[in-house]
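Written out below as structure tokens is the structure these notes cover.
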Amino acid sequence: MSDETVNEELVEETSEDLPAEETVAEQETMAETAESEDEAAEETAEEPSLEEQLAQAQAEAADYKDRWMRSQAEFANARKRMEKQRADVYTNAKADIVLKLLPVLDDFERALANAPEAIREDSWYEGIELVERKMQMVLEGLSVSPVAAVGEPFDPNWHEAISQEPSEEHESGVVSRELQKGYKIGDRVIRPSLVVIAE
């Protein structure tokens, strides 16, 4: 075979191969284009409209606002609860201290009530009266006040009945005598009054 014949055959084979390769490349390009068009169509179909996006954003904003308001309310409630607990702890501590001081005050009052007349004019007796008055003032400064008893209707919240006795001055069910003073802080009883009730 001559060189010219071989070259002609190679050219023919190459020319026959080229259209097949171009066809494959074109087919691949067309497939990729079709896929990208399908993806774009899917994205376009899935992408919500502006109105839908706005509605979704407004719903999320409302949800966030609701959660924020709830957390603020919970925080305010927690703060109020803590303040109330602190006030209760302070009141309880104050009541405990006052309860320990009351027997001393009782002793002062009994000593002054049973002091002989002969010593009531002495200066040291006046000093003891001043100490007792000062203790009363300290208790008043702590918002401690005595419980009303004699002449008041018996109330188990404020009074502790020891006995009953006939009384011409008081009606039945009314406190006729007080054996030990009761004290309170505001509306809270520290110690009830020990009383005798009229029959």
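Selection over segment 157-177 of residues that are crowded, with 19+ Cβ neighbours inside 10 Å and either assigned to a strand (DSSP E or B) or touching a helix residue (DSSP H, G or I) at 6+ places or on another chain (Cβ under 9 Å) (or both) gives a count of 3. Looking across segment 119-142 at every residue that is assigned to a helix (DSSP H, G or I), over 12 Å from E109 (Cα atoms) and among the charged types (D, E, K, R), the one that is nearest to the chain's Cα centre (by Cα) is identified as E140. Residues to consider are V144, V131, V89; find the one that is β-branched (V, I, T) and under 30 Å from H170 (Cβ atoms). It is V144.
Can we say E117 is charged (D, E, K, R) and touching a residue at least 60 places away in the same chain (Cβ under 8 Å)?
Details: charged (D, E, K, R): yes; touching a residue at least 60 places away in the same chain (Cβ under 8 Å): no.
So E117 does not fit the description; no.
Residues in segment 41-96 that are β-branched (V, I, T) and within 30 Å of Y183 (Cβ to Cβ): 2 in all.
Let me confirm something: among E126, E121, E132, E152, which residue is within 22 Å of I97 (Cβ to Cβ) and either in the same structural domain as A95 (by TED's automatic domain parsing) or surrounded by 13 or more Cβ atoms within 10 Å (Cβ to Cβ) (or both)? Answer to the check: E132.
The values are calculated or read from the model by the stated rules, or taken from the named source; none is laboratory data. Computed from a prediction, not measured in an experiment: that's the story for all the values here. Positions of Cβ are backbone-derived with ideal geometry, glycine not excepted, and every protein chain shown enters the neighbour counts.
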